[in-house]
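Inspection log for the structure reproduced underneath, given as structure tokens.
The values are calculated or read from the model by the stated rules, or taken from the named source; none is laboratory data. Keep in mind that this is a model prediction, so the values were computed, not measured. No Cβ is skipped: glycine too gets one built from the backbone with ideal geometry, and neighbour counts run over all protein chains shown. Note: accessible area is taken over every heavy atom of the protein model, side chains too, but ligands, DNA and RNA are not part of it. Shrake-Rupley method; radii C 1.70, N 1.55, O 1.52, S 1.80 Å.
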Amino acid sequence: MLALHRICYRYGSVEALKNISMEIPAGTVHGLVGMNGAGKTTLLQLIAGLLKVQTGSICYNEKIIAPSDVAFLPTHNYMYHYITGAEYLALFGAQNPQADFDSLNRIFKLPLKRLVDEYSTGMRKKLAFMGLMALKRPVFVLDEPFNGVDLEGTMAFQQAIGLLAEQGKTVVITSHILESLTEICHCIHYLHQGVLEGSYCRNAFSDLQNQLRARFAQDHQRYWEQFFS
Ligand code: ATP
């Protein structure tokens, strides 16, 4: 169980997260949605240990979570550009010699002999995801994994995430495309200006969709009318 208890986080005067608590059982996929600046990346970086917890606690199986518990896919991956895809994966293979990247690459179809410098944005994301799959970590934290990835790759990511959960991993994921989450998540949390406004299980995903549509339509309609009048 991944347990977040009363997490608050500030960047100087900016209160990015306000009193966030949630529990994520092993073997489940939990999504985070919210507008730009809602606090999603901050929350993921706290779970992954890239940011230090200021207030509250994050525990995995009742112990303070360690970075070594987490496999983290950031929104933008920094990769040294002058190694090949195969050399990049070898770094991850060193931790897990059984990782069968040949089979994995039959799905992702990357030109592993070419330099990372020659990869497109989506290809780099696939490479980073392949590396992550070799990590034997119990918690997977994925920040906008589908961003820039083609349709086939997105489906492959979704299948992989489902299989990770089936193996008992805990997965926390963000996306700006709600439908990409409703297909794979057991639960979706809505963050608004650093506040957890609601948590929705599968049978309530349509409520979340309707609420978001209604909220945005209401907010925007007046301004569109003014703009086009
Ligand atoms: P997006 O959907 O655009 O990725 P997000 O939901 O991931 O947004 P965060 O990146 O977590 O949002 O940002 C939450 C808040 O914290 C925002 O108000 C943002 O401006 C602020 N913030 C994020 N990083 C920093 C930083 N390094 N310094 C100061 N403020 C920051």
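Step by step: first the residues of region 150-163, then only those that are surrounded by 13 or more Cβ atoms within 10 Å (Cβ to Cβ) and either in contact (Cβ under 8 Å) with a residue 40 or more places away in the chain or not hydrophobic (A, V, I, L, M, F, W, C) (or both), then the one that is nearest to residue 140 (Cα to Cα). Which residue is that?
That would be 161.
Can residue 129 be described as aromatic (Phe, Trp, Tyr), within 16 Å of the ligand (Cβ to nearest atom) and assigned to a helix (DSSP H, G or I)? Judged against the criteria, residue 129 is not a match.
Applying a threshold of 6 Å to beta carbon distances and a minimum spacing of six or more residues, or different chains, the list of pairs starting in region 208-229 at a residue that is closer than 29 Å to residue 186 by Cβ and ending at one that is of a type in the set (A, V, I, L, M) and open to solvent by 100 Å² or more (accessible area, probe 1.4 Å) is empty. The residues listed here are 56, 27; of these, the one that is small (Gly, Ala, Ser), on the phi > 0 side of the Ramachandran plot, in contact with a strand residue (DSSP E or B) (Cβ under 8 Å, 6 or more places away or on another chain) and not in a loop (DSSP other than H, G, I, E, B) is 56. May I ask you to verify whether residue 7 is within 16 Å of the ligand (Cβ to nearest atom), under 20 Å from residue 187 (Cβ atoms) and touching a helix residue (DSSP H, G or I) at 6+ places or on another chain (Cβ under 9 Å)? So residue 7 fits the description; yes. Looking across region 169-208, just one residue is in contact with a Leu (Cβ under 6 Å, 6 or more places away or on another chain) and aromatic (Phe, Trp, Tyr), and that is 200.
Scanning region 92-123 for residues that are in a helix (DSSP H, G or I) and open to solvent by 60 Å² or more (accessible area, probe 1.4 Å), we see that the one that is farthest from the ligand (Cβ to nearest atom) is 102.
Taken as a whole, region 55-65 holds at least one residue that is exposed (fewer than 15 other Cβ atoms within 10 Å of the Cβ), at pLDDT 95 or above and within 16 Å of the ligand (Cβ to nearest atom).
The set of residues in region 164-174 being aliphatic (A, V, I, L, M) and under 13 Å from residue 132 (Cβ atoms) consists of 164, 171, 173.
Inside region 11-50, can you point out the residues that are within 18 Å of residue 68 (Cα to Cα), within 9 Å of the ligand (Cβ to nearest atom) and either hydroxyl-bearing (Ser, Thr, Tyr) or open to solvent by 10 Å² or more (accessible area, probe 1.4 Å) (or both)? The answer is 45, and nothing else. Close contacts from region 75-86, counting a first residue that is under 12 Å from residue 127 (Cβ atoms) and a second that is among the polar types (S, T, N, Q), with Cβ to Cβ under 9 Å and a gap of 6+ residues or different chains, come to 85/105. All conditions but one from (1) surrounded by 18 or more Cβ atoms within 10 Å (Cβ to Cβ); (2) more than 15 Å from the ligand (Cβ to nearest atom); (3) more than 25 Å from residue 159 (Cα to Cα) apply to residue 85; the one that does not is (3). Between 171, 116, 195, 149, the distinction of being closer than 16 Å to residue 71 by Cα and out of contact with any Pro (no Cβ under 6 Å at 6 or more places or on another chain) belongs to 171 only. Within region 205-223, restricting attention to residues that are surrounded by 15 or more Cβ atoms within 10 Å (Cβ to Cβ) and away from the ligand (no atom under 16 Å from the Cβ), the residue that is modelled with the lowest pLDDT is 211.
Only residues that are assigned to a loop (DSSP other than H, G, I, E, B) and either of a type in the set (Gly, Ala, Ser) or crowded, with 18+ Cβ neighbours inside 10 Å (or both) were counted in region 181-204, giving 3.
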